[in-house]
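Encoded as structure tokens, the structure appears first; notes follow it.
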Amino acid sequence: MPSSGIRYATLEEYVAAIRREVKAVTSAAEEVPLTLLSGLILAEDIISPTDLPTYATSLVDGYAVRAEDTAASSGDNPLIFKIAGKVELEHLPSFNLNRNEVSYIPTGGVLPEGADAVVKIEEATVLEEGVSIILTHPIFAGEHVTQAGRDVKKGQPVLRRGHRIRPEDLALLAAVRTWRVKTVKQPRVAVLSIGDELTDRVEEVTSTRKYNGINAAVMQLVAESGCVPVQLGIASDDEASIEHKIRQGLALADAVFTIGGTSRGVKDLVANAVDRSGRPGLLLHGVDVVPGRVSGLGVVDGKPIVMLPGLMQSTIAAFLLISLPAIRRLQGLEPETEHLQILVPLSEDIHLLHNPFRKLFFIRLIKLGDATAAKPISKLGEASLMKPIVDADGFILLPPLPTSVHQGEHVTVNLLHTYRNNAASEEQ
């Protein structure tokens, strides 16, 4: 399929092609120790082998009590309780509480048998140090106590397959005594820039020679999405050079992302090079979204080749809408990408060109009175501008019609750099 044959396929067609043609690289799930898990993706559900907490524990420093023994206590009727022991964090209590007995307990300490509530240390009067206290108000069962299983119950899924491990997840896994888990093998993604005007050497930068900066951005996006980026550098505006680099990337990695050379100009040779790199070759060239409409997708032996346009906003838009689904498929997940979303009003009107394409606008979240609103900071036809990407908190994707969206209308904002975990919509 030559590059002149651009057909503006839908995003749904891209996702269908990715699902059909791209092979997951997760068959060899890797078992990884707890300390090395951060940033990796789970290949299996994590089921808690224990209640968390395992025992009822105190939320405060104070005295463990039997709530029923305190029912009659008041300022007019202070009750005396014998201190029967002391709970230590490093040991389970070895004693029981009998009637009218209490025990000192620190925050996080396990309640002794018989106790069902805790009175704060400042709410008890010490009658004799280490011997007895006075209470002047009743304590209710469960007061200042975290019940066993209140956080996590034994047998409950605590993290789902497809979840990307965050620092806070490590603490939870340790708490439920899960020391090693199976994770998705990290796909390798090779990134290739195309253009005689590009350089990787800062000393060669001039008014007409550009540093390969968009490549650095895509490399980081690849890493952020749970893959290992592989630098292929720059290919010249020559079809044979581009094909050679793509083949090199396919040998080194599970996917190749190219940047630039995807339009209809005399130097836009990537589509032909992709089609010559193996089978089935080029699948789609053109997508019904602006910016990014000259993006494309090829596949060689189950490995995706995503053709990203060379203008910054188009590059990022295509990465968000096409590259991320391809990455998820490589990771053994459903290719649809769900960004975290919020519904907010527009801060100003958006007037749209009447054309058959969906429109992507980068937006910044601003305060409008007491509310949060979406302020458009990109314009159609200005895809080369970089500052809107830097200032953006998210993006909105609007259909071909209507031709305008008015201030105050609510729009769905897809937040950048925050992707919904598979488990986010499931009851845990």
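Evaluate the following for residue 44: is it farther than 21 Å from residue 121 by Cβ and assigned to a loop (DSSP other than H, G, I, E, B)? Break it down into steps so the answer makes sense when it comes.
Values: farther than 21 Å from residue 121 by Cβ: yes; assigned to a loop (DSSP other than H, G, I, E, B): yes.
The answer is yes for residue 44.
Filter region 293-320 for residues that are modelled with pLDDT of 95 or more and of a type in the set (Gly, Ala, Ser) and give the result.
295, 296, 298, 302, 314, 317, 318
Could you please let me know if residue 201 is under 25 Å from residue 20 (Cβ atoms), surrounded by fewer than 17 Cβ atoms within 10 Å (Cβ to Cβ), of a type in the set (D, E, K, R) and out of contact with any Cys (no Cβ under 6 Å at 6 or more places or on another chain)? Reasoning before the result, please.
Details: under 25 Å from residue 20 (Cβ atoms): no; surrounded by fewer than 17 Cβ atoms within 10 Å (Cβ to Cβ): yes; of a type in the set (D, E, K, R): yes; out of contact with any Cys (no Cβ under 6 Å at 6 or more places or on another chain): yes.
Here the answer is no, as residue 201 does not meet what is asked.
From the list 356, 280, 304, which residue is surrounded by 24 or more Cβ atoms within 10 Å (Cβ to Cβ) and touching a residue at least 40 places away in the same chain (Cβ under 8 Å)? Walk me through how you get there before you give the answer.
Working: 356 fails: surrounded by 24 or more Cβ atoms within 10 Å (Cβ to Cβ); 280 fails: surrounded by 24 or more Cβ atoms within 10 Å (Cβ to Cβ).
Criteria check complete, one pass: 304.
Taking only pairs six or more apart or across chains, which ones have beta-carbon atoms under 7 Å, a first residue in region 5-28 that is among the small types (Gly, Ala, Ser) and surrounded by fewer than 19 Cβ atoms within 10 Å (Cβ to Cβ), and a second residue that is modelled with pLDDT of 95 or more and not in a loop (DSSP other than H, G, I, E, B)?
Going by the 7 Å Cβ cut-off, the qualifying pairs are 5/285.
Which members of region 243-297 meet the condition of being over 16 Å from residue 17 (Cβ atoms), basic (Lys, Arg) and in contact with a strand residue (DSSP E or B) (Cβ under 8 Å, 6 or more places away or on another chain)?
Within region 243-297, 245, 293 qualify.
Suppose we keep only residues that are among the aliphatic types (A, V, I, L, M) and part of a loop (DSSP other than H, G, I, E, B) within region 105-126. Which one would you say is surrounded by the fewest Cβ atoms within 10 Å (Cβ to Cβ)?
Quick first cut of region 105-126, residues among the aliphatic types (A, V, I, L, M) only: 105, 110-111, 115, 117-119, 121, 124, 126.
If we keep only those that are part of a loop (DSSP other than H, G, I, E, B) as well, we get 111, 115, 124.
Working: 111: 24, 115: 25, 124: 20.
If we take residues in region 105-126 being among the aliphatic types (A, V, I, L, M) and part of a loop (DSSP other than H, G, I, E, B), then 124 is surrounded by the fewest Cβ atoms within 10 Å (Cβ to Cβ).
Please find, within region 78-104, the residue that is surrounded by the fewest Cβ atoms within 10 Å (Cβ to Cβ) out of those that are more than 17 Å from residue 118 (Cβ to Cβ) and touching a residue at least 24 places away in the same chain (Cβ under 8 Å).
Among those residues, the one meeting the criterion is 99.
The values are calculated or read from the model by the stated rules, or taken from the named source; none is laboratory data. Treat the numbers as computed from the prediction; the structure is a model and nothing was measured. Cβ: placed from backbone, ideal geometry, glycine included. Neighbour counts: every protein chain shown.
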